[in-house]
Structures are given as C-alpha cells and as structure tokens.
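Remarks on the structure that follows.
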Amino acid sequence: MNKKEAAFSHFGFSTILMVFIMICLVTFAALSLLSANSDYKLSRKTADKTTGYYNADANARSYLYKIDLCLAELYSESDDESAYFHELSARLELIDIPDGLTNNIISVDDDIISLSFESEISDFQRLYVTLKMNYPQTGNDDFYEITRWQTKASLEPSEDDDILHLLSN
C-alpha cells in the first residue's frame, strides 16, 4: 500500500506570534519616526519665530536707545517746554533708522507728538511700536511713553506648511 504523505507545514503558534510581534515593532517604529519628524519641524518653526521676534525687538530697542540719546541732548539744550516741542519733530527726523525698521511716522495731533514705526519679524508678522512724546519735568523723567508694543500677523498661510488632504476632489 502506497500511502501518500500529506504536505504539512510546521508553522506553530510561536512562529505566528513572532511574525505578529515583528509587524507591530516595525509599525511602531515608523509611527515614532513620523512623530519625531513632525516634532522637529514644529520646534524649528517655533525657534525661527522666536528668533525673528527677538531680532525685531532688539532693532526696536536699539532705535529707542538712539531716541533717548537724542531727546536727552534736546532736553539739555532747551530752555523750556515750548522750545523742546518746537524742535522735537526736526530732531526725531535726524535719527538714523536701523535696518529692519520701516514706516517711521512722526505725527502731531492736538499738541501731542507721537512716533510710530514697525519692525519685521517674519514675512507675515510685524512688531508695531508707538511712542507718545513727553516733556520731562526733571532730568529723571521719561522722554516718551510707549503706547503700543504689539505684534500682528497677516492671515496669509506659510508656504512651507505640509498640507494633508483628507478628501480628494
């Protein structure tokens, strides 16, 4: 009698379990890699935005330092408040504007002199600063009051954003 031996594979439970564990490990490794990459991109964007803000802030503060020096000199040369304010606008226009600052506007409304300027943080974000000029009663008083120190962003999207299309058109 000729018996045919049936082909039987010797895959046991332990082999199937090992294959399943390997598939799970590869899947979790891929998910970890994707998560780490997106975390890196987010932290890079945050670092760039923070660096941009502090550069714009440093430019604005450098300009404020120049304004302080100019106004201190004007105060020491002026005899009274009217002479101080009469010469103030002309002196403010003579101050060198640092790179990165734009829209340097001196305005006079109801005997209130104000100075506005903006500093670029990024392509879509700016730091806006407005100063109201004061006449110091003593040498230790402030020459101006900061009425606005504000960042504003435009609504245009960043071009380097990765867009995930969930629905196809």
task: Keeping to the range 83-133, report how many residues are part of a helix (DSSP H, G or I), in contact with a Leu (Cβ under 9 Å, 6 or more places away or on another chain) and acidic (Asp, Glu).
output: 1
- request: Taking only the range 1-29 into account, find how many residues are aliphatic (A, V, I, L, M), assigned to a helix (DSSP H, G or I) and at pLDDT below 95.
  value: 4
message: Being surrounded by fewer than 16 Cβ atoms within 10 Å (Cβ to Cβ) and touching a strand residue (DSSP E or B) at 6+ places or on another chain (Cβ under 6 Å): is that true of Ser89 here?
response: yes
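Across the range 134-149, which residue is modelled with the highest pLDDT among those that are polar (S, T, N, Q) and more than 17 Å from Ser107 (Cβ to Cβ)?
Among those that are polar (S, T, N, Q) and more than 17 Å from Ser107 (Cβ to Cβ), it is Gln137.
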query: Of the residues that sit in the range 100-142 and are of a type in the set (S, T, N, Q) and within 25 Å of the chain's Cα centre (by Cα), which one is surrounded by the most Cβ atoms within 10 Å (Cβ to Cβ)?
result: Ser119
message: Just to check your reading of the model, which residue among Tyr65, Tyr75 is under 30 Å from Asp123 (Cα atoms) and either assigned to a helix (DSSP H, G or I) or at pLDDT 90 or above (or both)?
response: Tyr65
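The values are calculated or read from the model by the stated rules, or taken from the named source; none is laboratory data. As the structure is a prediction and not an experimental result, all values here were calculated from the model. A quick note on method: Cβ atoms are made from the backbone with ideal geometry, for glycine too, and the neighbour counts reach across all protein chains shown.
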